[in-house]
1. Considering only the range 106-121, state which residues are more than 19 Å from Thr54 (Cβ to Cβ) and open to solvent by 50 Å² or more (accessible area, probe 1.4 Å).
2. Of everything in the range 178-206, what is in contact (Cβ under 8 Å) with a residue 40 or more places away in the chain and part of a helix (DSSP H, G or I)? Give them in sequence order.
3. Working only within the range 1-33, note down all residues that are surrounded by fewer than 19 Cβ atoms within 10 Å (Cβ to Cβ) and not in a helix (DSSP H, G or I).
4. Here's a check for you: in the range 173-205, which residue that is more than 19 Å from the chain's Cα centre (by Cα) and open to solvent by less than 60 Å² (accessible area, probe 1.4 Å) is nearest to Val5 (Cα to Cα)?
5. Here are some conditions: (1) among the polar types (S, T, N, Q); (2) part of a helix (DSSP H, G or I); (3) without any contact (Cβ under 8 Å) to a residue 24 or more places away in the chain. Ser84 meets all but one. Which one does it not meet?
6. Testing Asn168 on (1) within 25 Å of Arg220 (Cβ to Cβ); (2) modelled with pLDDT of 95 or more; (3) not hydroxyl-bearing (Ser, Thr, Tyr), one condition comes back false. Which one is that?
7. Restricting the search to the range 298-315, which residues are open to solvent by less than 50 Å² (accessible area, probe 1.4 Å) and either within 17 Å of Ala20 (Cα to Cα) or more than 18 Å from the chain's Cα centre (by Cα) (or both)?
8. Give Ala133, Ala146 a once-over and let me know the one that is open to solvent by 20 Å² or more (accessible area, probe 1.4 Å) and within 29 Å of Val304 (Cα to Cα).
Amino acid sequence: MKLSVLDQSPVAHGHTKAEALRETIALARASEKSGYHRFWVAEHHDSPSFAGTTPALLALAVLDATSNITVGSGGVLLGLHQPSQVAEAFEILSALHPGRVNLGVGRAGSGGTGEFNEKLIDLHTRLGVLPGAPGRNDMDIWLLGAGSGSAPLAALFGAGYAHAHFLNPGSGKTALNQYTAHFQPGARRERPEALAAVRVIAAETDSRAQRLADTVRLWRARKDLGDDRPFPNYAKAAQSSWSQEEIQRRNANEDRLIVGAANDVAERLTRFAENLGVDELMITTPLPRLKDRILSHALLADAVATLTQETVKTAPPRPRVSLAGHSTAERTGNASVDRSHP
């Protein structure tokens with residue numbers, strides 16, 4: 001199983017957006033060191049919680065600060081931009097860092113399905129990646145979805161598809177099945193390629209992870225109630241100070257989070273990926289302290305790698321016919337975290 005990162009540049013209480021952006025770059029370096037496959041940055045506007053407003057600019061900073069990890073947008077809100085501007089920005093990224101760039105496109109902010117579809121066709125045309133066009137290997141397009149509307153489009157264009165489980169945990173299975181069932185080969189890929197984005201908080205122990213997670217739980221509960229503010233610190237997130245409405249929202253949102261000791265989280269994520277039928281999970285961990293985000297990612301990467309190694313050791317050998325016609329046994333030992341970046 002591949003692990004990737006979606007970082008939304010969370011703004012902690014008492015900190016600036018400039019600090020949050022610099023922390024995103026630091027997290028990207030740490031994620032590359034831990035062997036993560038991709039690192040995507042997000043687009044949010046007028047948000048006290050998140051600092052990333054221009055994914056192309058932030059992706060360039062991340063690309064310049066790293067060496068091998070694939071970097072992209074998770075995603076560009078195409079409804080807010082002209083396709084020509086998006087295409088030109090990502091053409092520059094691909095020229096400077098060929099083969100390391102993902103253009104993830106989201107529907108939020110669109111003026112309607114028809115307008116979004118027209119912009120999507122325009123974008124693919126400008127980038128030369130419409131189905132039937134000669135393939136290009138310097139960049140790749142993904143469509144992002146939290147419902148089921150983007151999955152059929154991703155299938156039609158032969159694009160990758162990323163499902164935001166942390167926004168809508170109930171729609172993933174349907175959307176991913178639609179994408180796989182209707183996939184048409186495109187300019188980039190012959191077979192469907194999908195991932196699920198999951199909000200994960202891992203620590204050395206379950207109790208530690210739960211304490212860390214309370215900052216995210218309180219932030220999300222407040223946001224749902226119309227109180228959008230930076231992420232609270234750990235003292236502010238003590239449950240004794242929560243209102244009844246915040247507690248109700250916390251309980252309603254609990255299935256959006258996977259929290260616990262790293263080994264337990266790794267097992268849960270493995271089962272989760274198998275159930276959805278994906279071999280890549282994109283982890284988002286919007287904790288207010290950078291060191292906690294880095295440690296959560298590092299612990300999880302090690303736990304998933306260890307779990308895979310143990311599974312390989314206990315699996316029965318698979319028969320293989322040798323060139324001489326004799327049956328032999330062969331074991332494979334691929335690491336869970338993909339450490340060979342395209």
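1. Of the range 106-121, the ones more than 19 Å from Thr54 (Cβ to Cβ) are 111-118, 120-121.
Across the range 106-121, the qualifying residues are Gly111, Thr113, Glu115, Glu118, Ile121.
2. Within the range 178-206, Thr180, Asp206 qualify.
3. His13, Gly14, His15, Thr16
4. Checking each candidate, the answer is Ala203.
5. (3)
6. Single failed check for Asn168: (2).
7. Step one: of the range 298-315, the residues open to solvent by less than 50 Å² (accessible area, probe 1.4 Å) are 298-301, 303-305, 307-308, 312, 315.
Residues satisfying the conditions are Ala303, Ala305, Leu307, Thr308, Val312, Ala315.
8. Values: Ala133 fails: within 29 Å of Val304 (Cα to Cα).
Among Ala133, Ala146, only Ala146 is open to solvent by 20 Å² or more (accessible area, probe 1.4 Å) and within 29 Å of Val304 (Cα to Cα).
The values are calculated or read from the model by the stated rules, or taken from the named source; none is laboratory data. As the structure is a computational prediction, the values presented were derived from the model and not from experiment. No Cβ is skipped: glycine too gets one built from the backbone with ideal geometry, and neighbour counts run over all protein chains shown. Areas reflect the complete protein model, heavy atoms only, side chains present, ligands, DNA and RNA absent. Shrake-Rupley method; radii C 1.70, N 1.55, O 1.52, S 1.80 Å.
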